[in-house]
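The values are calculated or read from the model by the stated rules, or taken from the named source; none is laboratory data. Keep in mind it's a predicted model, so treat the numbers as computed, not measured. Cβ sites come from the backbone with ideal geometry, for glycine too, and all protein chains shown count toward neighbours.
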Amino acid sequence: MKKYSALYFSVGLVVILALIILVFGIFFLNEKDPRETFNTYYLRFTQVSTLVLDDPVKVNGVKLGKVESIDLAGHRVVVTIRLRTDVKIPKDSEIRVQNIGIMGERQIGMILGDSTSYFAPGDTITGQFDAGIAEALGLVGEVCDSTKVLLESVKQALNQTIVNPEFQERFRTLLVKAEKLEDRVLVMLNTADPQLRKSLEGLNQVTVKVNNLIDGVKPPIDNMFANTEKVMGNADKLLGELEEVTSHLDELVVKVQKKIESKDNTVGILLNDRTLHDDLVKTVHSADSLVRIILQDGLDINVDFF
């Protein structure tokens with residue numbers, strides 16, 4: 001009986017130790033505290049790459065939650081996270097899927113903002129995705145593929161041009177023609193060089209003569225301009241004097257007109273007396289007739305002595 005009691009005691013002790021180890025492993029090795037409570041939030045990303053379940057959720061670098069599930073919702077990925085209840089997420093916070101290792105390990109990082117309004121548990125929050133090494137390697141692969149295609153295209157172009165025997169033959173022909181053309185140009189330059197020198201010397205002589213002619217003509221032209229300025233000055237002076245004479249004549253005409261229209265002077269009396277005017281006209285006609293007779297017949301003077 002004592003033998004079986006010892007056996008039962010040993011089995012019970014082993015079971016109790018196993019339970020203790022299990023609890024220790026669950027709460028301590030897995031960094032779980034049975035006293036902690038969590039809130040659930042939903043994060044929406046364009047992609048999450050290598051993010052997996054139980055990846056950490058860090059707030060300002062401190063691990064305060066983990067990824068519970070990852071689901072595809074239309075063209076977006078919805079990640080469910082559990083976050084400690086003592087953490088509040090301001091609405092101006094930044095949430096990103098971050099790369100944390102060279103092998104593509106991921107985490108969700110939060111940078112809390114300064115807003116006084118907060119997301120409520122169960123809200124859906126839009127986050128951003130940071131490209132990591134995996135995406136960079138993918139881009140490198142795409143670049144390599146594009147480079148291969150480009151090299152193939154260059155190779156084909158070279159085969160159709162430089163490597164092609166027909167192209168090489170045409171290129172040699174062009175080189176020969178270019179050399180012949182160069183020789184002809186050199187011959188033409190050597191032949192035309194003396195003529196060019198003569199033409200340049202003649203042009204220099206003509207330039208010197210033109211300069212001398214301009215220097216000789218310049219003083220008379222300057223004198224002519226000076227005389228022209230003097231004539232213009234005299235003409236302006238003459239015009240001024242003519243204007244003065246004209247103004248004096250206008251004043252004189254006005255005065256004569258006033259004298260003629262007035263009867264207080266001899267001219268006015270004569271011009272305003274019609275009878276006197278007629279007698280004067282007759283007298284003038286008689287005098288005119290007498291002068292004509294004298295001019296035609298002469299003047300005879302008879303003197304009688306008594």
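Would the range 16-39 turn up any residue that is modelled with pLDDT of 90 or more and either within 15 Å of G122 (Cβ to Cβ) or part of a strand (DSSP E or B) (or both)?
Among the residues of the range 16-39, at least one is modelled with pLDDT of 90 or more and either within 15 Å of G122 (Cβ to Cβ) or part of a strand (DSSP E or B) (or both), which makes the answer yes.
Of the residues in the range 76-100, how many are more than 16 Å from K63 (Cα to Cα), in a loop (DSSP other than H, G, I, E, B) and not polar (S, T, N, Q)?
Here the count works out to 2.
Would you be able to say whether some residue in the range 123-138 is hydrophobic (A, V, I, L, M, F, W, C), at pLDDT below 95 and part of a loop (DSSP other than H, G, I, E, B)?
Yes, the range 123-138 contains at least one residue that is hydrophobic (A, V, I, L, M, F, W, C), at pLDDT below 95 and part of a loop (DSSP other than H, G, I, E, B).
Spot the failing condition for A120; the list is (1) surrounded by 15 or more Cβ atoms within 10 Å (Cβ to Cβ); (2) at pLDDT 90 or above; (3) not polar (S, T, N, Q), and only one is missed.
Here A120 meets the rest and fails (1).
List every residue pair whose Cβ atoms lie under 7 Å apart, where the two residues are 6 or more positions apart in sequence or sit on different chains, the first residue falls within the range 73-89 and is within 13 Å of T126 (Cβ to Cβ), and the second residue, located anywhere, is basic (K, R).
R76/R44; V78/R44
Could you list, in sequence order, all residues of the range 146-165 that are charged (D, E, K, R) and either in contact with an Asp or Glu (Cβ under 6 Å, 6 or more places away or on another chain) or modelled with pLDDT of 75 or more (or both)?
K148, E152
Within the range 50-57, is there a residue that is loosely packed, with under 12 Cβ neighbours inside 10 Å, modelled with pLDDT under 90, in contact with a helix residue (DSSP H, G or I) (Cβ under 7 Å, 6 or more places away or on another chain) and part of a loop (DSSP other than H, G, I, E, B)?
no
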